[in-house]
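Trainee: Quick one: the structure is below, questions incoming.
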């Protein structure tokens with residue numbers, strides 16, 4: 001009995017790839033030394049894929065499960081959104097960055113976060129805008145720009161939809 005494992009290496013850290021190789025070739029000593037590490041780095045950096053055939057049929061130990069890997073990807077997506085909130089972020093751009101199909105990533109995001117990527121992005125922008133309105137003296141157009149809106153009218157409309165009040169009213173309420 002054998003198992004075939006298809007791996008897209010750019011999605012794994014070098015240590016994970018090393019564990020996958022060790023799992024697929026149990027008992028084989030590391031005879032390549034630094035050359036093996038260089039090979040692993042080159043494979044991962046160049047987004048090569050690898051097919052591992054395990055003839056002993058054992059379970060892979062220590063490697064990420066699909067669910068954990070998916071959660072990790074969504075966590076990275078959320079970190080990226082937080083870091084790049086001031087830009088025009090799209091799911092398509094993020095899916096390219098993280099090497100995922102756009103539809104798949106959107107479904108995975110919705111399944112894990114119970115909201116669509118666009119709903120999450122909107123919520124993050126509005127929450128950041130609220131914080132900036134509460135804690136800074138920045139003009140509303142500056143805040144809009146910092147949370148990724150280039151059209152001030154669109155920011156005003158979206159903010160009022162989210163909070164029920166205008167940005168200026170929100171600032172006044174927060175100050176009192």
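The values are calculated or read from the model by the stated rules, or taken from the named source; none is laboratory data. Being a predicted model, the structure only gives us computed values, none of them experimental. Here the Cβ is made from the backbone with ideal geometry for all residues, glycine too, and neighbour counts use every protein chain on show.
Trainee: In this structure, is residue 142 assigned to a helix (DSSP H, G or I), under 13 Å from residue 86 (Cα atoms) and in the same structural domain as residue 90 (by TED's automatic domain parsing)?
Mentor: Working: assigned to a helix (DSSP H, G or I): yes; under 13 Å from residue 86 (Cα atoms): yes; in the same structural domain as residue 90 (by TED's automatic domain parsing): yes.
Against the criterion (assigned to a helix (DSSP H, G or I), under 13 Å from residue 86 (Cα atoms) and in the same structural domain as residue 90 (by TED's automatic domain parsing)), residue 142 qualifies.
Trainee: A further question on this structure: Could you identify the single residue in 73, 81, 77 that is at pLDDT below 95, within 24 Å of residue 148 (Cβ to Cβ) and surrounded by 15 or more Cβ atoms within 10 Å (Cβ to Cβ)?
Mentor: Working: 81 fails: at pLDDT below 95; 77 fails: at pLDDT below 95.
Of 73, 81, 77, the one residue that is at pLDDT below 95, within 24 Å of residue 148 (Cβ to Cβ) and surrounded by 15 or more Cβ atoms within 10 Å (Cβ to Cβ) is 73.
Trainee: I would also like to ask the following. Kindly indicate whether residue 171 is surrounded by 15 or more Cβ atoms within 10 Å (Cβ to Cβ), touching a residue at least 24 places away in the same chain (Cβ under 8 Å), in the same structural domain as residue 78 (by TED's automatic domain parsing) and out of contact with any helix residue (DSSP H, G or I) (no Cβ under 6 Å at 6 or more places or on another chain). Steps first, answer last, please.
Mentor: Details: surrounded by 15 or more Cβ atoms within 10 Å (Cβ to Cβ): yes; touching a residue at least 24 places away in the same chain (Cβ under 8 Å): yes; in the same structural domain as residue 78 (by TED's automatic domain parsing): yes; out of contact with any helix residue (DSSP H, G or I) (no Cβ under 6 Å at 6 or more places or on another chain): no.
No.
Trainee: Moving to a separate point now. Filter the stretch 99-117 down to the residues that are in a loop (DSSP other than H, G, I, E, B) and exposed (fewer than 15 other Cβ atoms within 10 Å of the Cβ) and list them by number. Explain how you work it out, then say what you get.
Mentor: Pass one, the stretch 99-117, residues in a loop (DSSP other than H, G, I, E, B): 99-101, 114-116.
The answer is 99, 101, 114, 115, 116.
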